[in-house]
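Trainee: Here it is, the structure, as structure tokens.
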Amino acid sequence: MTSAVHRGTPASATEAIDLGYLGGKFSLWSWLGTHDHKRIAILYAIAITTFFFLGGVAAALIRIELATPQGDLVSAETYNKLFTAHGVIMVWLFLIPSIPSVLGNFLLPLMIGARDLAFPRLNLASWYVYVIGGAFTIWALIAGGVDTGWTFYTPFSTMFSNSNVVLALLGVLIVGFSSIMTGINFIVTTHTMRAPGLGWFRLPLFVWANYATSIILVLATPVLAMTLVLVGIERVFQVGLFDPALGGDPLLFQHLFWFYSHPAVYIMILPAMGVASEIIPCFARRRVFGYRFMAYAILGIGIIGFLVWGHHMFVSGQSVYAGMVFSLLSFMVAIPSAVKVFNWTATLYKGSITFSAPMLYALGFVGLFTIGGLTGLFLAALALDVHLSDTYFVVAHFHYIMVGGSVMAYFGALHFWWPKMTGRLYSEAWGRAAALIIFVGFNLTFFPQFLLGYEGMPRRYHSYPPEFQVLHLVSSCGAALLAVGYLLPLIYLGWSLFKGKPSGNNPWQATGLEWETSSPPPTHNFERPPVVTRPPYDYPEQGEPA
Amino acid sequence: MSTANASAIAERGEPEHAATFALWILLATELLLFGPLFLGYVYVRTHFPDAAAAASRHTDMLLGTVNTAILLTSSLCMAVAAERARAQRSTQWWLSATALLGLAFLVIKGIEYQHEFAEHLFPDRGFAPADAISLDRLHGMQLFFLLYFAMTALHALHLAVGCVFCLGLTVRGGRQHALAVELTGLYWHFVDVVWIFLYPLLYLLGRAGG
Amino acid sequence: MNSDFHWLPASASSSAARFDALALTTLIMTGLVALILFVLVTWFCIRYRAGSSAGRQHPPSGNRTVEVIWIVAPLLLFFAVFGWAAYDYASLYRPNPDATPIYLVAKQWMWKAEHPNGRREVGELHVAAGQPVRMVMTSQDVIHSFFVPAFRVKQDVLPGRYTSIYFTPSKVGVYHLFCAEFCGTEHATMSGRIVVMPPAEFGRWLQQGPSVPGMAARGFALFRRFGCSGCHSAGSTVHAPDLRGLIGRRVHLQDGRELTADATYVRDSILLPHKDVVAGYAPIMPSFAGQIGEEDLLAIIEYIKESAHDERSTPRHTR
């Protein structure tokens, strides 16, 4: 007999819950000096939420400006600083750390049955580095601003821009070190601290995803660090490795930049894929279809992702033959992603599906990621990219993956593990409403942009020819709806912290070691270190008696 | 490491494994940190072969070679220290020797930099080598020196950090000493290996066959 | 210029139709995949929703055959799309000897073009329908990008080198020219008009405008004004390479390398003469960096190109 989602056996809302890691010491220093990965995850969540809304304010101003063809809300220079701020904040201060540093930090030790990460003090240090770097970056972006775009193309950024380029580079450089620290911690933890019986192919896919993400973090971020340093040196000393007027080559910068920034997008999507692989089996009440293929696909994405950076440079003046190699590899990297989408779909087959808020986010993720990924194929095709590159088609493509994909998954994860992290249940009605509003608002905002791009509307334009206005207006209205959708969880999740029903250990009846301990977990995670004897996603067959 | 971490790893009986593994990953990141500089070097050498050779002839071959010898000797001291630590013998002299040789390297590097500044070889607006006979020669030499300063400075920074660790270990000693010396040694040898690449690329470029 | 709202941009080059066909094919292919997935997900969500009476015995935890199929099938489709797109891409760069060169210099924040006969334009580009064009472009400052949506072409315009793209306008009309690489404060207003005219009308237009010498003639005047002919002409006592017919010629350099002389090589030789010294010559040519602007450089290069057809002067003996 099929069972509805079992939400635990709490008594009443007023019953006090054991606060676990949230209880005990609650002074400022007990939080700012904590070694507990769960508290550090909360610290990250606060910082990341702050940056998300700052980046969102920039986006709001951009969309308001673009509702009319004339550049009448802000000056051209301010507009350029706005889209730069939006990109820098959202990529480096929000998307890259979001799932790994909040959910990865919280869940990785729990999922593998460990007490903490391998290096708890390194974990805390990574938060400080992130916050300091983030604050520095925000300061550079707000006090004067940066107008180069988050991509810092030379020679504009090195020789022509009159803005806080060096300060912003410094801020991003510092934040990058935080990524590397987290990556090292996760890799070592996954290798050395798994509970007895937890072999690699019994690991939850969320662990696999964060593992592959961490490998990319540690290998790609140093390249960005040095590239940014070189840009800073050029600007300060007026020497020209990237400036043709001084003997350099602007394409050298682009190769170095994209060598990091393409794997960076896989840093942003792999953890989201891991989240989907946790939520969907739970609310379909069955095992993931093709677990091993899913795990290998994660590794495949990570590896091939390092080989495709030149697809950002098809019209840059790069050689035609290089373009062909990068194009072919870009098509190939789509295959493991496609495998994952097919397997998520197949995981619904013969399941017993309920549509909780996390499941709505996860299904939304699958749909929007699919559209984003398929439109990536247009861009991987050389001749098509000639027309579409640097237009709104690209903007729509990457927002479908990063916002429709990663942000949806982040929200889904927050909702799914909210009971575990806080011990409270949020309002399912509000959760589902917000998920739907976000889904509709998102499509309204970004689908018209595919059309705009095909029409020829270029990126990073403060003003535009009047024939593009209809689509821009639709997009801006969608953005307003999307903003409402993003604000709602702030309210009802926050409310649930005080008034939410106690959730019990496992309100979703999910598999996974994290659900076997209390909600919220005690500081040391498990009363007795668990021993694993079953495969992952070991949901009982529905055809059998419960 | 914190006590929670130590006991967790102790439960698995592999305390050394985690820290050593972490250091190897760190070394991989360092390799990729130097990567763009090596790529820039390849660019300068292929686009400005004559200028790169001319620029290289401006480096101080004597001091560079002396420094190479110093660094190799420091690695020897470090290796001896690690061996002794494994055998539970005292390492203080050897660790101090490593650190002192490292500091000597840095001092000599500083002297080289000073000479290069005086000859207007620092690649800023005042870059003016004596033999920049043409504009592209000037550009090429300036880019070579950009990479020379960037690579040697990044290397020196890493070396300085290594010296600090050596001195710290000399002072501290105590529990888990063998592991700490081993890890510091691994790091030190990496810094040495980087120099072994930098030395011929930067100092020997225009000098083969006179 | 038409400011009505269109679903598709105008299709005004010979390659635009082919482009749209490839785009449509890709759209159909990806659209089908998306549709199938959407239908499957929706169907599964309905049929297998909790509480429904569908059979749920033995849900498959994997199926190697199915996985292989949905790896190989998309891969084959991808190779097909890749191949078609790569072929079309290559044709945008394939040299076409019938193409008329148009020289474009981009700067913050305007486009400056010059036709071979000397007619110049700012912010506008007139071309003839049916006449293949080769854009030869450079930037005076930062990276820009030459983007004509109606032609489906785009090419970044870089400082310090020449980039090229070929197209053949096919439909008379006026179309947008956009800068598509962020280039600073007024990037959004660095637009222009592409005016495609019937060939006869274009011919007339080309002859109008201020009477200036053709680009090659202007280049010849510069060649003499800057003293190039002092060394590089037949009567000179200075031993300097003969530049007639240089473009496209195989050049042997002093350090043993060989290259094919193109526009960038000539530009580099003028600005950085010691970079690629020809074998057998002393490196005594002075640099003209900072003295000759981008448009003048293009004119000199055009003159050197035209000089290949010049049979009047007696050939110099070159070693």
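Trainee: Quick one: putting +1 on the C-beta of Lys and Arg, -1 on the C-beta of Asp and Glu, what dipole do you get for the range C:215-309 around its Cα centre, in Debye to the nearest 20?
Mentor: 200
Trainee: If you don't mind, there's one more thing I want to ask. Show the residues, 5+ positions off or on another chain, whose built amide H is closer than 5 Å to the amide H of C:Val157.
Mentor: Placed amide hydrogens put C:His144, C:Ser145, C:Phe146 under 5 Å from C:Val157.
Trainee: Charges only on Cβ, +1 for Lys and Arg, -1 for Asp and Glu: so what's the dipole of chain A about the Cα centre, in debye to the nearest 20?
Mentor: 1360
Trainee: Using only the alpha-carbon atoms, what does the range A:232-356 span along each of its principal axes? Please give whole angstrom values in decreasing order.
Mentor: 65, 33, 21
Trainee: Rounded to the nearest 0.05, what FRET efficiency is calculated for C:Leu32 and C:Thr65 with R0 set to 22 Å and r the Cβ-Cβ distance?
Mentor: That gives a FRET efficiency of 0.50.
Trainee: What whole number of Å gives the distance from the Cα centroid of the range A:202-222 to the Cα centroid of the range C:148-193?
Mentor: Between the Cα centre of the range C:148-193 and that of the range A:202-222, the gap is 41 Å.
Trainee: Would you tell me the mean number of C-beta atoms belonging to other protein chains that fall within 10 Å of each C-beta in A:255-265, as a whole number?
Mentor: Other-chain Cβ atoms within 10 Å of each residue's Cβ, averaged: 1.
Trainee: Sum -39500 (n - 2.57) across every DSSP H segment of at least 4 residues in chain A, then divide by the residue count to get the 222 nm mean residue ellipticity, nearest 500.
Mentor: -21000 deg cm²/dmol
Trainee: Please check: in the Gaussian network model of chain C (C-alpha springs, under 10 Å), which one of C:Ile300, C:Ile36, C:Ile247 has the largest mean-square fluctuation.
Mentor: Of the options given, C:Ile36 has the highest mean-square fluctuation.
Trainee: Something else: Any chance you could get the radius of gyration and Dmax over the Cα atoms of chain A, in Å?
Mentor: Here Rg and the maximum Cα pair distance are 23.0, 76 Å.
Trainee: Moving to a separate point now. Specify the angular offset, from 0 to 90 degrees and rounded to the nearest 10, of the alpha carbon long axis of helix C:16-47 from the longest principal axis of the alpha carbons in chain C.
Mentor: 20
Trainee: Over the Cα atoms of the range A:392-546, what is the Rg over Rh ratio if Rh follows Kirkwood?
Mentor: 1.14
Trainee: Size of the dipole of the range C:1-105 about the Cα centre, Lys and Arg at +1 and Asp and Glu at -1 on the beta carbon, nothing else charged, in debye to 20?
Mentor: Here the range C:1-105 has a charge dipole of around 620 debye.
Trainee: First obtain the Kirkwood hydrodynamic radius of the range C:215-309 from its Cα pairs, then insert it into the Stokes-Einstein equation at 20 °C and 1.002 mPa s, and state the resulting D in µm² per second as a whole number.
Mentor: 160
Trainee: Could you work out the per residue convex hull volume over the alpha carbons of the protein assembly as shown, in cubic angstrom?
Mentor: 176
Trainee: Identify, among C:Cys45, C:Leu271, C:Ser164, the residue whose Cα sits farthest towards the positive end of the charge dipole of the protein assembly as shown, taking +1 on the Cβ of Lys and Arg and -1 on the Cβ of Asp and Glu, with the dipole about the Cα centre.
Mentor: The one lying farthest along the dipole's positive direction is C:Cys45.
Trainee: Something else now. Per residue of B:38-45, what is the mean number of Cβ atoms on other protein chains within 10 angstrom of that residue's Cβ?
Mentor: That average works out to 4.
Trainee: How much length is gained on full extension from B:Arg57 to B:His120, taking 0.36 nm per residue of separation minus their Cα-Cα distance?
Mentor: Gain in length upon complete extension: 21.2 nm.
Trainee: As a test of understanding, state the convex hull volume per residue of the range B:151-210 from its alpha carbons, in Å³.
Mentor: Once divided by residue count, the hull of the range B:151-210 is 77 Å³.
Trainee: Loop only per DSSP, at most 10 neighbouring Cβ atoms within 10 Å: give me the trypsin sites (Lys or Arg not before Pro) in the range B:124-210, ordered by residue number.
Mentor: Working: sites: B:Arg125, B:Arg137, B:Arg172, B:Arg175, B:Arg207; in loops: B:Arg125, B:Arg175, B:Arg207.
Listed in order of number, the matching sites are B:Arg125, B:Arg175.
Trainee: Given the DSSP H assignment, sum -39500 (n - 2.57) over each helix run of at least 4 residues in chain C and divide by its residue total; what's the result at 222 nm in deg cm²/dmol, nearest 500?
Mentor: For chain C, the value works out to -11000 deg cm²/dmol.
Trainee: With the cut-off at 27 Å, report for chain C the share of all Cα pairs above it, as a whole percent. Display every interim value, and only then the final one.
Mentor: On the way: 29172 of 50721 pairs.
Every Cα pair in chain C considered, those over 27 Å come to 58 percent.
Trainee: Now for a different question. Rounded if a/c is under 1.5, else prolate if a/b is larger than b/c, else oblate: which is the range C:109-202, with a ≥ b ≥ c the root eigenvalues of its Cα gyration tensor? Could you put the intermediate results ahead of the total?
Mentor: Numbers: a/c = 1.79, a/b = 1.57, b/c = 1.14.
Cα axes put the range C:109-202 in the prolate bin.
Trainee: Here is a further query. Answer with one residue from A:Leu251, A:Leu471, A:Gly104: the one whose Cα lies farthest towards the positive end of the charge dipole of the protein assembly as shown, charges on Cβ with Lys, Arg +1 and Asp, Glu -1.
Mentor: A:Gly104
Trainee: Which distance in nm do the two modelled labels at C:Leu40 and A:Gln238 give, with both placed 7 Å along the Cα-to-Cβ direction?
Mentor: 6.1
Trainee: Can you find, among C:Val238, C:Leu297, C:Cys228, the residue farthest towards the positive end of the dipole of the range C:215-309? Put +1 on the C-beta of Lys and Arg, -1 on that of Asp and Glu.
Mentor: C:Val238
Trainee: Now, a different point. Antiparallel DSSP bridges in the protein assembly as shown: what percent, to the nearest 5?
Mentor: Bridges in the protein assembly as shown that DSSP calls antiparallel: roughly 70 percent.
Trainee: Taking just the C-alpha trace of the range A:454-546, give me its Rg and Dmax in Å.
Mentor: Radius of gyration, then largest Cα-Cα span, for the range A:454-546: 24.2, 67 Å.
Trainee: Looking at chain B as a GNM with Cα springs under 10 Å, which of B:Asp60, B:Asp192, B:Asp131 has the largest mean-square fluctuation?
Mentor: Among B:Asp60, B:Asp192, B:Asp131, the largest GNM mean-square fluctuation belongs to B:Asp131.
Trainee: Could you run the Karplus curve 6.51 cos²θ - 1.76 cosθ + 1.60 with θ = phi - 60° over the range A:123-139 and give me ³J(HN,Hα) per residue in whole Hz, x for Gly and Pro?
Mentor: Coupling constants for the range A:123-139: 4, 4, 4, 4, 5, 4, 4, 4, 5, 5, x, x, 5, 4, 5, 4, 4 Hz.
Trainee: Suppose R0 equals 41 Å; then what is the FRET efficiency for C:Ser52 and C:Ala73 from their Cβ-Cβ distance, rounded to the nearest 0.05?
Mentor: Efficiency, from the Cβ-Cβ distance: 0.85.
Trainee: So if we plug the beta-carbon distance of C:Ile284 and C:Ala217 into 1/(1 + (r/R0)^6) with R0 = 35 Å, what FRET efficiency do we get, rounded to 0.05? If you can, show how the numbers build up before the last one.
Mentor: Working: r = 28 Å, r/R0 = 0.81.
After rounding, the FRET efficiency stands at 0.80.
Trainee: Return the subset of A:Lys81/A:Lys499; C:Lys275/C:Lys305; A:Lys25/A:Lys340; C:Lys112/C:Lys275; A:Lys81/C:Lys154 for which the Cα-Cα distance in this structure is over 32 Å, preserving the input order.
Mentor: In this structure, A:Lys81/A:Lys499; A:Lys25/A:Lys340 lie more than 32 Å apart at Cα.
Bear in mind that the values in this text are calculations on the coordinates, not laboratory data. From a predicted model like this one, the values you see are computed outputs, not experimental measurements. Methodologically, a virtual Cβ is constructed for each residue, glycine included, from the backbone with ideal geometry; neighbour enumeration extends over all protein chains shown.
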